[in-house]
Amino acid sequence: MGQVDDEGRRPVSSRPKDRRGGVSMTGRPKRPRRWLGGIALAAIVASLAGGCGEREAPEVRQPIAAWKPRDFSGFVGSAACTECHQEIAERYRSHPMSRAMSLAASDADAIEDFAAGEVGFETSANRRYRVVKRDGKVTHHEIGLDPKTGEVLFDHAEEVTYAIGSGARGRTYVTVEEGRMYESPISWYSSQAKWDLSPGYPPENHPRFNREIGTRCLNCHCGLPAEAIGGTVDFAVYPDPHVVEFGIGCERCHGPGEAHIAFQNRRKVETGLAGVDPIVNPIRLDPERRDDTCNQCHLLGEETVLREGRRNEEFRAGDRMGDIWSVFVHGSEVDGAGATKAVSHVQQMNSSRCYVASRGKLGCVSCHDPHGLPSEAEAVGQYRRACLECHGSGSGCSEPETVRLAAQPDDSCVACHMPQLAANDIPHTSQTDHRILRRPAPGETQAMGERSTVDAWEIFGAETLDWTDDERSRALAMAMAVAAAKSHDVVMAKRAVEALEPLAERFPRDAELHDLLAYSHYLTGNRGTAFRVWDRLFEIDPKYGKAHRTIATILMSEGSLGPARDHLVFYLDEMPRDVDALLQMSMLESRLLRPDEALRWAERARQLDPGARNVERWYDELTSQ
């Protein structure tokens, strides 16, 4: 392994192949409250660990749900709904959700300040950013400056195709390359009417134009993406046009409309037509399904695990969140400084006394009209009336009216009980405190910046979900493995192994579970076992990119350069703008004595991340040889 011929090639027998070829994919020869009431990760892992040494399956095993691929047909678009629902359609056009995504160059949807066609800002990291709108195109520039002279070192420009966001808080922009979508480092922030770096982009070091937009993100920021033609579960390749419907449309909350239209058309000509209209009206659903219509995009949590065989775009109106995802939550997400995540309304609401005491009567649509927003003049009265539905006669505000009116002349309930909280993960933004506190005071038990521990996480809504014990255990064990991988926590990785080992036999086609199990084994020092599990993974999915990158890094560190390169090729097929992986490939090619290939990969990394010190140092080393 790792031996090369005089042309830098490895013997064929050492290359990763399909199992039928006699060599494993790892490059080695084959061997002949709506929370989960009190049940958290520690309890489940303890119950699994007791039998982790037993290799035989239990005598009685609960069946694993066999998911069928979700049918993506039946969508007709919101325009088809307008014929019969014109008044609602007109009102909805004023709602921010109807403007969730747009063409970046569209004048009709523009909210940004483009000045005379060109605007910009500078950061503390010797970077200047420019936005140019000209000739029907919008181009974003990142310009590197010499820290001593101010001379321009590079000007990295990319055309942005789409704008994501209604503009209520701001907008982020999207570039497209070969059907893959990437985030621009430049965003517009409405509250301060300014351009600045995108959320999660620190001035000193950020992913430039190379952060790929995931399927779950896109699915919540547009009405309907095109059906993917490639990529992975998390990062898809889309055909052109990439998006079928820009705004969050009728069918996101009511389900595909084709069958509904057919039913209503038949009803016009068939007297006494029997049957039930297949359209979904969330207000008629049970409280969990009603609220999950909103939660599909307004609940992120600490960690999210897809259920086996599911895809992020498969949620339909009437589903439960738990039909698609296991979402792990912890508390209300409000920290000790009175700040919160930008998307944490659901956790806050579920922690509120109002929500708990209502026994499902209080939900998102109790206060929020999904078809329209009240004007600024109407908003206080509308939300006050919603509060008085429960706090009317005999149970009104305990604060004397004179005191209330002195502080708030419009007698707004929201101003006192749901004040604004700063977002601690998105700059220049805030959100309403959905804890609905009687006397709000900043802070909870979580200190500023403190992350909850994985043992305290709970599965959102699990006690009302129709899950098998195995499915519940899978979600909890995988969340623990993800946390261990992120923190390189060996102790937690050992616990993850104990939990995942018996589940790997019960979920034999679960690629993600096998990858997490393999990496947990590797973290604990069990390299051989890890690679055997990765072999099983590649029988399930030969192109599972994350595993290929991990294995490439391990093999490269061990000097097995040829197999490492082959694994990295698989990974870069799926993540072609990962600059670290491109740099790694260049170094591999150099060590394999292929200088032209090494230079080609280095130039690609340099093109995508100009000015990056590690890339420039390596490029200089290559070109000076």
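Scanning region 315-332 for residues that are buried (at least 19 other Cβ atoms within 10 Å of the Cβ) and of a type in the set (Asp, Glu) returns a single hit, Asp323. A single member of Glu227, Glu204, Glu212, Glu270 is under 30 Å from Gly611 (Cα atoms) and at pLDDT below 95, and it is Glu204. Determine which single condition Thr445 fails, assuming it passes every other condition in (1) of a type in the set (Val, Ile, Thr); (2) modelled with pLDDT under 60; (3) under 29 Å from Ala499 (Cβ atoms); (4) surrounded by 20 or more Cβ atoms within 10 Å (Cβ to Cβ). For Thr445, the failing item is (4).
Counting only residues that are within 9 Å of Gly249 (Cβ to Cβ) and assigned to a loop (DSSP other than H, G, I, E, B), region 72-101 holds 3 of them. In region 347-364, the residues that are assigned to a loop (DSSP other than H, G, I, E, B) reach residues that are at pLDDT below 90 with C-beta atoms within less than 7 angstrom, at least six apart or across chains, in these pairs: Ser352/His434; Ser352/Arg435; Ser352/Ile436; Leu362/Cys354; Leu362/Tyr355. Of everything in region 173-185 that is in a strand (DSSP E or B) and surrounded by fewer than 24 Cβ atoms within 10 Å (Cβ to Cβ), the residue that is nearest to the chain's Cα centre (by Cα) is Tyr182.
Are any residues in region 236-259 in a loop (DSSP other than H, G, I, E, B) and surrounded by 18 or more Cβ atoms within 10 Å (Cβ to Cβ), and if so, which ones? Answer for region 236-259, where residues must be in a loop (DSSP other than H, G, I, E, B) and surrounded by 18 or more Cβ atoms within 10 Å (Cβ to Cβ): Tyr238, His242, Phe246, Gly247, Ile248, Gly249, Gly255, Pro256, Gly257. Checked against (1) modelled with pLDDT under 95; (2) buried (at least 20 other Cβ atoms within 10 Å of the Cβ), Pro282 passes all but condition (1). Residue check: is Asp109 in a loop (DSSP other than H, G, I, E, B) and touching a helix residue (DSSP H, G or I) at 6+ places or on another chain (Cβ under 7 Å)? Against the criterion (in a loop (DSSP other than H, G, I, E, B) and touching a helix residue (DSSP H, G or I) at 6+ places or on another chain (Cβ under 7 Å)), Asp109 qualifies. Does any residue of region 154-166 turn out to be on the phi > 0 side of the Ramachandran plot, in a loop (DSSP other than H, G, I, E, B) and crowded, with 17+ Cβ neighbours inside 10 Å? Checking region 154-166: at least one residue is on the phi > 0 side of the Ramachandran plot, in a loop (DSSP other than H, G, I, E, B) and crowded, with 17+ Cβ neighbours inside 10 Å. Gly559 meets each of the listed conditions (1) farther than 27 Å from Ala236 by Cβ; (2) buried (at least 21 other Cβ atoms within 10 Å of the Cβ) apart from (2). For Asp596, the criteria (1) surrounded by fewer than 21 Cβ atoms within 10 Å (Cβ to Cβ); (2) within 18 Å of Thr175 (Cβ to Cβ); (3) acidic (Asp, Glu) hold in every case but one, which is (2).
The values are calculated or read from the model by the stated rules, or taken from the named source; none is laboratory data. Since this is a predicted model, take the numbers as computed values, not measurements. Because the Cβ atoms are built from the backbone with ideal geometry, glycine has one as well, and the counts that use them run over all protein chains shown.
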